[in-house]
Amino acid sequence: MKQVLRVKHISKIQVVPTQEQARKYWDRWNAECRGNICEDSATAHLGFAVLQETRKLQLDNIDILEVGCGTGWLAAQIRPRRSYVGLDLSPAALEAAKRRVPEAHFEVADFLTWQPYGQTFDLAIIVDAIAYFQDQSSALKKMASLLRPGGRLILTSVNPTVYSRMRSVGPPAAGQIRNWLSAAKLKSLLIGAGFNVLSFYSILPEGDLGFLRWINSRKLNSAASVLVPKRVLERFKECLGLGQYFVAVARRS
């Protein structure tokens, strides 16, 4: 019997893929979306936000774990560090990661079944991947267990209020889990996993359907920019929680 996962916003029922189906999906997705990253892409902006948060922590000579590291696009930017371990389901993506950052350690692994053999970390990073876990609570609890006392977590996730109102976002592809989290639910899961949430905000306002069609109207925003600088207007939308990504920084309790 096939297990089903109820998902809001884009589709009511989604078939949970096998691990092999998930790997094929992420092989294809990484090749298409994370192969060559343009400086003005959403991915580049997301990576910049994560790097800014790592710099704020001022953690030198640290051990880092990244879950869902893909092609190593972020690992190549993180300096300095004592050690870096990157995990991903996609073998093809990790081949690219190894070529990009040969000094780092990458493993093809399902995080929930991965065995670190006693290793712990100062910082865990998960960029745009928590929404694709079937058991998000267990994933976050495992991350907490792998952090040393006072260790930090930097996490980003899509904002369902925005993503469900983007014309470019279609239904889930074969092999893709889509378990988007609201701000309230994500914070609740972090706290339940044993984290203290230090900061939580949204970035990159987007959306062209529903009420966001008007809020992000080019004509309206162009007219508003005469009085208010574009970045100030974007920051205001981000403060309202209308960015397409959430960024959370948390400390292990």
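Throughout, read-outs are computed from the coordinates displayed, never taken from laboratory work. Please read all numbers here as calculations on a predicted model, not as lab measurements. Neighbour counts run over all protein chains shown; Cβ positions are idealised from the backbone, glycine included.
Per-structure values
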quantity	calculated
Total lysine pairs under 23 Å (Cα atoms) in the stretch 141-253, excluding pairs fewer than 8 apart on one chain	8
Amide H contacts under 5 Å for residue 89, placed H, 5+ residues apart	109
Stretch gain in nm, segment residue 235-residue 223, where the contour uses 0.36 nm per residue and the Cα spacing is subtracted	2.6 nm
Rg(Cα) / (2.2 N^0.38 Å) computed for the stretch 116-253, rounded to two decimals	1.21
Charge context of residue 147, other residues only, Cβ under 12 angstrom, K/R +1, D/E -1	+4
Folded to 0 to 90 degrees: helix 230-239 orientation relative to the chain principal axis, Cα	60 degrees
3J(HN,Hα) from dihedral phi, the stretch 131-136, Karplus parametrisation 6.51/-1.76/1.60, rounded to Hz, x for glycine, proline	5, 10, 9, 6, 10, 6
Debye log10 I(q)/I(0) for the stretch 4-252, one point scatterer per Cα, at q = 0.08, 0.10, 0.17 Å⁻¹	-0.31, -0.49, -1.43
Helix-only mean residue ellipticity at 222 nm for the chain, each DSSP H run of n ≥ 4 adding -39500 (n - 2.57), per residue, nearest 500	-10000 deg cm²/dmol
